[in-house]
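Report on one structure; see the data block that follows.
Taken together, the values in this text are just the output of simple stated rules run on the coordinates, not laboratory data. What you are looking at is a predicted structure, and each value in this text was computed from that prediction instead of being measured. Positions of Cβ are generated from backbone atoms using ideal geometry, with glycine treated the same way; all protein chains shown enter the neighbour counts.
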Amino acid sequence: MIRVAVIRFPGSNCEPDAHRAVVREGGEAFYLFHRETDLRDADAVILPGGFSYGDYLRAGAIARFSPIMAAIERHAADGKPVVGICNGFQILCESGLLPGALMRNAGLKYLSRPVDVRIERTDTPFTNAFQHGEVIRIPIGHGDGRFTATDEVIADLESRGQVVFRYVDTGMPDVSANPNGALHDIAGISNREGNVVGMMPHPERLADELLGSDAGTRVFTSLVRWKRPALVASS
């Protein structure tokens, strides 16, 4: 059974939803406080949504210095799964585990509503239960979700297939398909190796049919059934 550490920062508020989603899919989830320095043999890590440290300075800018981050960086360097959801995505970018930055929404307003996103990559620990090109509708809730990066970084992300989730227009009435002005309609990306993923939409908030949809469930199904590729011995 996969063991998933859900990190609790001061001001995070989505960790119970992420914990519940992992357990519902058959994984073992446990909380780790941001002052911890060891991941306690976790197989995977979730950085949940919320407002770590009140989003002072910039969203995620203080959380990147939490003691737990050094262990998460080592975990990621070892090729193990890390996902940052919303504020967690911001923390991953601030810490350098993912490229780019999440800036204020184009309309300078906090947004909380459904969005349609297309699955662009299915070989990550968080998307292997989806079909490539599949579109799902899940919620967002952020004020700093506009993904931005230099032209060179964007070109690199696109050429290497590191865009994992992309906002798409399916004709949802009276709303913009790209809610925050993100470059290239980017809703989520991975590192080059694919084991670190950041996404602005909240799959954990729509991972139970009792909520009217379980469209986000397969993010956690993917993680629970993920198996690290075997290392190939060099000849």
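Observations
- Note on V23 and E209: the model spin-label points, each 7 Å out from Cα along the C-beta direction, lie 2.1 nm apart.
- Using only side-chain charges placed at the Cβ, +1 for Lys and Arg and -1 for Asp and Glu, the dipole size of the stretch 3-225 relative to its Cα centre rounds to 320 debye.
- Percent of beta bridges antiparallel (DSSP, the stretch 3-225, rounded to nearest 5): 60 percent
- With N as its number of residues, the stretch 1-63 has a Cα radius of gyration that, divided by 2.2 N^0.38 Å, comes to 1.13.
- Taken along the Cα-to-beta-carbon direction at a fixed 7 Å, the label points for V175 and N128 span 3.1 nm.
- Label zone at R3, where the point sits 7 Å out along the Cα-to-Cβ direction: the stretch 62-81 residues whose backbone N lies under 19 Å: 68-81
- Highest average packing first - 170-183, 126-139, Cβ atoms within 10 Å: 126-139, 170-183
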